[in-house]
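Encoded as structure tokens, here's the structure I'll be asking about.
The values are calculated or read from the model by the stated rules, or taken from the named source; none is laboratory data. Predicted model only: the values in this text are computed from it and were never measured. Note that each Cβ is placed from the backbone with ideal geometry, even for glycine, and that neighbours are counted across all protein chains shown.
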Amino acid sequence: MSEKTDQDVKLEIQIDDDVASGQYINMAVVNHSDSEFVIDCIYVQPQVPRAKVQSRLITSPKHAKRLLMALHNNLQAYEQKFGEIRLAEEPAPKEPQPVTGKPVH
């Protein structure tokens, strides 16, 4: 009898049509306890003072860290292909000013 290793097991992942269409979010609220992380995925409409949680993800600390690493790796690959993602809060890099000997106002 042969022993099965982790490499021998193939996981088949299925997705329902309504889940496959996805939910757009532009905000996430993350909370945690000693045993789990809760990620509320939210869509905030511009100029509307109320937002709705589209999905709530509940996971273990180990899986939360795996998710963080997967997002980090994917963001690095994205930026290598498409360029740096700038956040609105980050100041744009300043263009070097020409040296003219005159004050720049």
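Quick check: anything in the stretch 78-86 closer than 16 Å to Met27 by Cα, surrounded by 10 or more Cβ atoms within 10 Å (Cβ to Cβ), at pLDDT 95 or above and not aromatic (Phe, Trp, Tyr)?
no
Give just the number: which of (1) at pLDDT 95 or above; (2) within 24 Å of Ala20 (Cβ to Cβ) does Lys52 not satisfy?
(1)
Next question, about the same structure. Take residues that are in contact with a Phe, Trp or Tyr (Cβ under 9 Å, 6 or more places away or on another chain), without any contact (Cβ under 8 Å) to a residue 60 or more places away in the chain and not polar (S, T, N, Q) and tell me which of the strands (runs of 3 or more DSSP E) falling wholly in the stretch 1-84 contain 3 or more.
52-59
Sort out which residues of the stretch 20-70 are surrounded by 12 or more Cβ atoms within 10 Å (Cβ to Cβ) and acidic (Asp, Glu), and write them in order of number.
Of everything in the stretch 20-70, those that are surrounded by 12 or more Cβ atoms within 10 Å (Cβ to Cβ) and acidic (Asp, Glu) turn out to be Glu36, Asp40.
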